[in-house]
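The block underneath contains the structure these notes are about, expressed in structure tokens.
The values are calculated or read from the model by the stated rules, or taken from the named source; none is laboratory data. On a predicted model such as this, the values are computed, not experimentally measured, just so you know. Methodologically, a virtual Cβ is constructed for each residue, glycine included, from the backbone with ideal geometry; neighbour enumeration extends over all protein chains shown. The area values use the complete protein model at the heavy-atom level, side chains included, leaving out ligands, DNA and RNA. Shrake-Rupley method; radii C 1.70, N 1.55, O 1.52, S 1.80 Å.
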Amino acid sequence: MTIHRSKGLEFKTVYVLGTVDGSIPHDFSLETARKGDEAPLEEERRLLYVAMTRAKQHLYLSCPANRRGKTAHRSRFLYPLLQQTKQPLPK
């Protein structure tokens with residue numbers, strides 16, 4: 001199911017796949033932000049929030065090491081969340 005379709009629904013367990021820069025947030029949003037327009041980037045942040053808050057008990061976020069043949073970097077949206085909970089980023 002897409003994040004957009006999950007709005008208003010809840011699930012015992014939620015998996016969000018590919019939580020890396022270029023996926024969440026999407027490449028388009030990153031490029032737009034580099035040009036000075038932060039709105040698409042903030043919309044991507046809200047979408048991740050929607051996805052994460054659909055979980056009633058368990059939330060799993062995958063962060064692949066590679067994306068499109070290149071080294072992937074964890075989504076920039078995860079760092080503030082993990083700092084708030086004082087959880088180390090898993091390797």
Filter segment 25-74 down to the residues that are assigned to a strand (DSSP E or B) and of a type in the set (A, V, I, L, M, F, W, C), then identify the one that is farthest from Glu10 (Cα to Cα).
-> Leu61
Filter result for Ser23 (more than 15 Å from Phe77 (Cα to Cα) and either in contact (Cβ under 8 Å) with a residue 12 or more places away in the chain or among the hydrophobic types (A, V, I, L, M, F, W, C) (or both)) = no
Lone unmet requirement of (1) of a type in the set (A, V, I, L, M, F, W, C); (2) crowded, with 16+ Cβ neighbours inside 10 Å; (3) part of a helix (DSSP H, G or I) for Val14 | (3)
Among Lys35, Lys56, the single one that is in contact with a Lys or Arg (Cβ under 8 Å, 6 or more places away or on another chain), open to solvent by 40 Å² or more (accessible area, probe 1.4 Å) and modelled with pLDDT of 95 or more is Lys56
Would you call Thr71 among the β-branched types (Val, Ile, Thr), at pLDDT 90 or above and open to solvent by 80 Å² or more (accessible area, probe 1.4 Å)?
-> yes
Only unsatisfied item for Tyr49, checking (1) over 13 Å from Leu78 (Cα atoms); (2) open to solvent by 60 Å² or more (accessible area, probe 1.4 Å), is (1)
Go through Phe77, Phe28 for me and flag whichever is in contact with a helix residue (DSSP H, G or I) (Cβ under 7 Å, 6 or more places away or on another chain) and either among the acidic types (Asp, Glu) or exposed (fewer than 15 other Cβ atoms within 10 Å of the Cβ) (or both).
-> Phe28
